[in-house]
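S.K.: Please read through the structure below; I'll follow up with questions.
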Amino acid sequence: MTFTGLAVGAVMVFRRQQPDRPSPYQTPLYPFVPAFFVLASAGIVGITLYERPLERVLGLATVLAGAPLYLLWDKFRGL
């Protein structure tokens, strides 16, 4: 739910920053439905962190461990 909520939030930000850009899809009751989804996703993440902190921290650490690898890949990609 973490990345799905972040993706929906990013679409909301992009639509606000670039209002003239065409949208390939329409959401009923925009922006209320996506905002509710983002809040619900944050709530689920919070509950998971509260109920099972070790598993959540290990999952986040696993994802964050890929950041240095991405930075190395991005640095050497142009060579």
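FYI, it's all coordinate maths here, none of it is from the lab. Quick caveat, the model's predicted, so the values are computed rather than measured. Note: ideal-geometry Cβ built from the backbone for every residue, glycine included; neighbour counts use all protein chains shown.
S.K.: Let's test the formula: R0 of 35 Å, r as the Cβ-Cβ distance of Leu72 and Thr2. What FRET efficiency results, to the nearest 0.05?
M.R.: So, using R0 = 35 Å, E works out to roughly 0.90.
S.K.: Using modelled backbone amide H atoms (1.01 Å from N, in-plane), which distant-in-sequence or interchain residues come within less than 5 Å of Tyr30's amide H?
M.R.: none
S.K.: So for the pair Leu58, Val45, with labels modelled 7 Å out along Cα→Cβ, what separation do we get in nm?
M.R.: Label at Leu58, label at Val45, 2.1 nm between them.
S.K.: Return the tail of the calculated pair distribution for the range 38-79, meaning the percent of Cα-Cα pairs more than 15 Å apart. Numbers along the way, then the final one.
M.R.: On the way: 501 of 861 pairs.
Considering the range 38-79, 58 percent of its Cα-Cα pairs are separated by more than 15 Å.
S.K.: Sticking with this one: Among Ser41, Ser23, which comes first, second and so on when ranked by fewest other beta-carbon atoms within 10 Å?
M.R.: Ser23, Ser41
S.K.: Taking 25 °C and 0.890 mPa s as the conditions, I'd like the Stokes-Einstein D for the chain in µm²/s, using the Kirkwood hydrodynamic radius from alpha carbon pairs.
M.R.: 162
S.K.: Name the trypsin sites (Lys or Arg not before Pro) in the range 15-56 that are in a loop by DSSP and that have at most 10 other C-beta atoms within 10 Å, would you?
M.R.: Answer in residue order: no site qualifies.
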